[in-house]
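Asks: What follows is a structure written as structure tokens; I'll ask about it next.
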Amino acid sequence: MMSNPTGRLTQGQFSFLPDLTDAEVTAQLRYGLAKGYAWSIEYTDDPHPRNTYWDMWGMPMFDLQDPAGVMMELSACRAAFPRHYIRLMAFDSTRGIESVAMSFIVNRPPQEEGFMIERQEVQGRSMRYTTRGYAAQKPEGQRY
Amino acid sequence: MSAPSYSIPGTATAAPNAASAPAAQADSSPAEAARTVAEVLQQTQVEAVLAELDSELVGLAPVKARIRDIAALLVIDKLRANMGLATQMPSLHMCFTGNPGTGKTTVALRMAQILHRLGFVRQGHVVSVTRDDLVGQFIGHTAPKTKEVLKKAMGGVLFIDEAYYLYKPENERDYGQEAIEILLQVMENHRDDLVVILAGYKDRMGTFFKSNPGMSSRIAHHIDFPDYAVDELLQIAEQMLKSQNYSMGAGLPELLRQYLERRITQPHFANARSVRNALDRARLRQASRLYADRNRVLTREDLSTLSPEDLRASRVFSSDSAS
């Protein structure tokens, strides 16, 4: 798709930047912990810009003081799903907010095939457009 | 990973903040590379920490000696780093054994603070658990429970009190062994992130280690807490009273010494805890004594002085049998 020439899934923070190194991820984790956020890990192999509900890897980690605990779980998730998208989400539990404050992808499949635009003609030759990922044409678990 | 076919203008290669020697981030002067111990001591808080340790903890010679060794290693590691030699963090897992009331829990709490100020742990908090916080009630419960506790403790100290209760060989449905396995794995792989301190009575910890040699080999520092001598107990009593704004009246220190000498020979003596209990009872008797006279105007000295009669009423002086 011309509007996304590299085919990378651009969901969440830092998605237009090169992949974050482990040290940079640790720095982000430290920032979130300093603000009192609870980190959680999610993974999916269904690439679509509208896919927001991914599968959880363990419960959200409240009351942590150090990024090492989150990195331990992240390594376990990477070992289990090396070719899936994995993201870290920070939940802000202050009263009145109670929602996700940060979310960025930390692991991507080796080959991201990208998206195509699907056109549908409806009555009177009006067009409806949607996005379809090339990888999603294969069944779950066999995409990457 | 598919690399983008464009480059983002203005980005340089990211320089990750290597947190190899956290002590180096504490007050380091990068221009001046220290070559003597004195120069390093000027730059760090090591001396202050050791001085505080000496003044606030009474007795406990083996503990203080071990902490001094760890602090010395920190200083020497700094000098080695300045020379470009490799510096690997030592294994800091510890096991405290000793009789009740010898200060195991107190020192474990202080240890987190000390290690943090020396720069060996990053956050310096303590997570204090017993067996119930690690072992689950049903199959599959133990691993997430233990891992959660370990994640919360990372960056600080995990203090496991009465660690031998984890191992119950006589009950095959017990999940303590699973918790031990997870502990062993994390103690080995996350040596830089977590310090585990076990505590318990010497004989039972001995049996625990004999049946779990993996645990024993991962613990680098086995420290035995000796019983306090009478002089040390007196010093502890003075410190306790001072922190509670009490002072000893005339004749009380000598009487307290006699009390302690008698009490030590009696059964169930719990070192510092027994001293604290005795002082609490003395405070009760002082309160009763002052309560009796309703119309007397009580001065600051009256309210904060314990007199010998508050201690003489103790059973330790009146009878020789077990209290």
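Rule-based calculations on the coordinates, nothing more; no lab input. In this text, all values refer to a predicted model and were calculated from it rather than measured experimentally. Backbone-built Cβ (ideal geometry, glycine too); neighbour counts: all protein chains shown.
Asks: Of the numbered conditions (1) in contact with a helix residue (DSSP H, G or I) (Cβ under 8 Å, 6 or more places away or on another chain); (2) closer than 19 Å to B:Thr105 by Cα, B:Gly251 satisfies every one except a single condition; which is it?
Replies: (2)
Asks: Can you confirm whether A:Met1 is surrounded by 18 or more Cβ atoms within 10 Å (Cβ to Cβ) and away from every other protein chain (no Cβ under 13 Å)?
Replies: Judged against the criteria, A:Met1 is not a match.
Asks: Still on this model: Find the strands (runs of 3 or more DSSP E) located wholly in the range A:60-144 whose residues include 1 or more that are in contact (Cβ under 8 Å) with a residue 60 or more places away in the chain and aromatic (Phe, Trp, Tyr), and list them.
Replies: A:85-92, A:99-107, A:115-122
Asks: Same structure again: Farther than 20 Å from B:Thr105 by Cβ and surrounded by fewer than 18 Cβ atoms within 10 Å (Cβ to Cβ): which single residue out of B:Arg191, B:Arg173 fits that description?
Replies: Step by step, each of B:Arg191, B:Arg173 is checked, and only B:Arg173 is farther than 20 Å from B:Thr105 by Cβ and surrounded by fewer than 18 Cβ atoms within 10 Å (Cβ to Cβ).
Asks: Just for the range A:98-110: of the residues that are away from chain B (no Cβ under 14 Å) and either of a type in the set (Ser, Thr, Tyr) or exposed (fewer than 11 other Cβ atoms within 10 Å of the Cβ) (or both), which one is farthest from the chain's Cα centre (by Cα)?
Replies: Only one residue fits best here, namely A:Glu98.
Asks: Among the numbered conditions (1) among the polar types (S, T, N, Q); (2) under 22 Å from A:Tyr134 (Cα atoms); (3) within 11 Å of another protein chain (Cβ to nearest Cβ), tell me where A:Thr26 comes up short.
Replies: The number of the failed condition is (2).
Asks: Condition first: part of a loop (DSSP other than H, G, I, E, B) and either among the acidic types (Asp, Glu) or in contact with a Pro (Cβ under 6 Å, 6 or more places away or on another chain) (or both). Now tell me which residues in the range B:262-313 satisfy that.
Replies: B:Ala270, B:Asp293
Asks: Of all residues in the range B:110-136 being outside any loop (DSSP other than H, G, I, E, B) and in contact with a Lys or Arg (Cβ under 7 Å, 6 or more places away or on another chain), which is farthest from B:Thr44 (Cα to Cα)?
Replies: Only one residue tops the list, namely B:Leu134.
Asks: Suppose we filter A:Asp45, A:Asp22 for residues that are out of contact with any helix residue (DSSP H, G or I) (no Cβ under 6 Å at 6 or more places or on another chain), touching a residue at least 24 places away in the same chain (Cβ under 8 Å) and closer than 25 Å to B:Gln185 by Cα; which single one remains?
Replies: Sole residue among the options that is out of contact with any helix residue (DSSP H, G or I) (no Cβ under 6 Å at 6 or more places or on another chain), touching a residue at least 24 places away in the same chain (Cβ under 8 Å) and closer than 25 Å to B:Gln185 by Cα: A:Asp22.
Asks: Does B:Tyr259 count as of a type in the set (Ser, Thr, Tyr) and part of a helix (DSSP H, G or I)?
Replies: Here the answer is yes, as B:Tyr259 does meet what is asked.
Asks: On to the next question. Does B:Ile180 satisfy the condition of being of a type in the set (A, V, I, L, M, F, W, C), part of a loop (DSSP other than H, G, I, E, B), more than 20 Å from the chain's Cα centre (by Cα) and farther than 30 Å from B:Arg117 by Cβ?
Replies: no
Asks: So, one more: Which residues, taken from the range A:46-97, are more than 14 Å from chain B (Cβ to nearest Cβ) and acidic (Asp, Glu)?
Replies: A:Asp46, A:Asp55, A:Asp92
Asks: Now for a different question. Restricting to the range B:148-170, name every residue that is within 14 Å of chain A (Cβ to nearest Cβ) and not hydrophobic (A, V, I, L, M, F, W, C).
Replies: Selection gives B:Glu148, B:Lys151, B:Lys152, B:Gly155, B:Gly156.
Asks: What is the one condition in (1) surrounded by 20 or more Cβ atoms within 10 Å (Cβ to Cβ); (2) touching a helix residue (DSSP H, G or I) at 6+ places or on another chain (Cβ under 6 Å); (3) within 14 Å of another protein chain (Cβ to nearest Cβ) that A:Glu113 does not satisfy?
Replies: (1)
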